[in-house]
């Protein structure tokens with residue numbers, strides 16, 4: 001066995017919220033690369049947790065809502081942490097939980113590298129024009145983590161940013177059959193027609209994290225933004241038409257109209273798309289970094305690999 005493989009096998013990587021969609025893909029990618037993985041989850045009896053255990057992950061009951069003492073116990077012997085915050089389950093508590101986990105990790109002397117799945121600060125970039133809590137709260141955790149790393153040089157931190165998930169085309173932004181044009185479908189979003197949307201397949205997060213874990217010094221303090229594709233609404237629809245053979249057209253929904261829709265977070269999502277339209281998902285960050293680690297999935301490849309079908 002090579003030295004590199006031995007190093008991986010001896011490096012314990014702990015994945016927080018391992019049974020979430022992101023956590024699951026990251027856990028699987030790290031296991032595939034030969035790392036020892038400890039998978040933290042709220043429910044060790046869930047099917048997702050059992051599936052990870054069957055892949056030889058060490059499944060441990062722990063979440064960022066636990067006490068610092070419980071978190072520290074769950075991190076014993078850990079060298080690397082992957083932490084994806086979850087605004088949609090914790091809301092305003094996201095900052096409190098995120099900071100608590102960083103501080104608990106710092107007290108575990110074996111921890112050398114903390115990989116944080118964050119997002120850009122819409123408030124900072126837009127000079128307070130746009131407030132998008134599930135972006136901005138993550139950035140506050142990132143600021144704390146950067147401060148901790150600066151004060152403790154042996155405690156390296158790295159950052160990964162994800163934009164719009166391609167999986168959203170199978171949920172909130174799924175193409176809808178036109179009621180006026182037979183056989184035609186429509187994708188409706190509050191994204192200005194001329195503005196491109198950065199997108200990524202959630203599955204790509206796993207190999208990117210594995211690449212960062214393999215090179216801690218290279219990615220110390222670095223943000224790696226993921227964008228497998230950057231397309232306007234019309235271009236997105238052209239890809240759908242090419243793959244499915246169905247006519248798909250883009251429909252721009254003004255943000256003011258989108259805010260009136262009767263589903264949770266419509267207001268926040270409208271603000272997010274306004275930010276995307278003006279600044280993009282990553283502003284001026286270097287989007288070439290991720291593709292140097294792993295080939296990112298295009299929208300066309302995503303639709304083909306998932307055998308996308310209309311409702």
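Working from Cα pairs under 8 Å separated by at least six residues, relative contact order for the chain is 16 percent. Over the chain, dividing the summed -39,500 (n - 2.57) contributions of all DSSP H runs of at least 4 residues by the number of residues returns a 222 nm mean residue ellipticity of -12000 deg cm²/dmol. In the stretch 153-311, what % of DSSP beta bridges are antiparallel (nearest 5)? Taking every DSSP beta bridge with both residues in the stretch 153-311, the antiparallel ones total about 30 percent. Roughly how many nanometres apart are two label points built 7 Å out from the Cα toward the Cβ at residue 295 and residue 310? About 3.1 nm separates the two model spin labels. In the chain, the longest principal axis of the Cα atoms and the axis of helix 93-106 are about 30 degrees apart. Going by alpha carbons, how many degrees (0 to 90, nearest 10) lie between the helix axis of 266-279 and the longest principal axis of the chain? Orientation of helix 266-279: about 90 degrees from the principal axis.
Quick one: plug the Kirkwood hydrodynamic radius of the chain (C-alpha pairs) into Stokes-Einstein at 20 °C, 1.002 mPa s, and report D in µm²/s. In µm²/s, the coefficient rounds to 105. Under a Gaussian network description of the chain, with springs only between Cα atoms under 10 Å, the residue in 29, 105, 262 that fluctuates furthest is 262. In degrees, nearest 10, range 0 to 90: what is the angle between the Cα axis of helix 133-151 and the longest Cα principal axis of the chain? Approximately 30 degrees, to the nearest 10. For the stretch 182-311, what does the relative contact order come out to in percent, with C-alpha contacts under 8 Å and a separation of six or more? It rounds to 40 percent for the stretch 182-311. For the chain, modelled as a GNM whose springs connect Cα atoms under 10 angstrom apart, the maximal fluctuation among 43, 70, 54 occurs at 54.
Who wins for biggest fluctuation among 257, 186, 27 in a Gaussian network model of the chain, springs between alpha carbons below 10 Å? So, out of 257, 186, 27, the one fluctuating most is 257.
Hey, how many Å between the Cα centroid of the stretch 15-29 and the Cα centroid of the stretch 171-189? That distance is 32 Å. From zero outward in steps of 10 Å, how is the percent of C-alpha pairs of the stretch 188-291 spread across the bins? Histogramming the stretch 188-291 at 10 Å steps yields 14, 34, 33, 16, 3 percent. Secondary structure note: in the chain, about 15% of the DSSP beta bridges are antiparallel.
Every number in this text was worked out from the coordinates using simple rules, so none of it is lab data. None of the values given here were measured: they were computed from a predicted structure. Note that we place each Cβ from the backbone using ideal geometry, even for glycine, and neighbour counts take in every protein chain shown.
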